[in-house]
Each structure stands twice: as structure tokens, then as C-alpha cells.
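Below is one structure, written out as C-alpha cells; the observations come after it.
The values are calculated or read from the model by the stated rules, or taken from the named source; none is laboratory data. This is a predicted model, so every value here is computed, not measured. Areas reflect the complete protein model, heavy atoms only, side chains present, ligands, DNA and RNA absent. Shrake-Rupley method; radii C 1.70, N 1.55, O 1.52, S 1.80 Å.
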Amino acid sequence: MVDSISLASILSELKMVENQMEQHSIALLSGRLSSEQLSQQLQQQLRVSQVGQLARSNNILEREDKEGRKRVVKYRKNKTENLATKLTATRNDERRESSTLDFGLKKKTSFVEKLSNVLAYV
């Protein structure tokens, strides 16, 4: 007696193999698997890998030292990094005394006060 689950899995695997065989025969008949096409594809992959190696060698994060060994350049922080935390830290500290403390804090007189002072003279 054959289990229906194992039979279904065998049939699905056979269907996958059949699809792969169809794709392979189409590729073979169209010439995509010819030796010329495969050598062109290999040359293209080699060119792409050479370009990738060139880009990696031009990367500014990698430098070669005197012995030819590659070393990674350490990242240095920008001066403006963590600026928000630095600003809040200085706000929490005591503020510098400004020159306004010497003169005392004066409130500006409003327009209405100026007008009432002018009318008081009249």
C-alpha cells in the first residue's frame, strides 16, 4: 500500500525534473549552451569581477601600507556629530554671566507708557 502523501511528493518532484529538462532542452536548442556562448558569458563575468576588484582597491577606507598589506582606515568623527547632546550639556551647566547683569535687567517701556508720560507733561 502506497502512502498518498509520499506519492504526491514524488509526483511533484517528477514535475520539477520535467520542467528543468524542458528548460535545458530549450536553452540547448536556442544556442545559449553552446561553447561560444558559454565562453562569452565567462569573459563577461571575469570583466565584472575585475571591475569589482578595481573598485575595492580604489576604496578610500582601504589603504596599503609599506609592506603591501591592506589595512582599514579608522573612521574619524565629524565635528558636528553629537552636537545636540553637547548643546544640551552646556545648557545644563551654569551659563556665562553676561554684561546685562552689570546694568541690571531693564524692561522696555511700552508705547502706552510712553504716551501716558507725554500726556502727563501736558
ask   = Given the structure, is Thr85 assigned to a helix (DSSP H, G or I), at pLDDT 70 or above and open to solvent by 80 Å² or more (accessible area, probe 1.4 Å)?
value = yes
ask   = So which residues in the stretch 8-38 are modelled with pLDDT of 90 or more and within 41 Å of the chain's Cα centre (by Cα)?
value = Met16, Asn19, Gln20, Gln23, His24
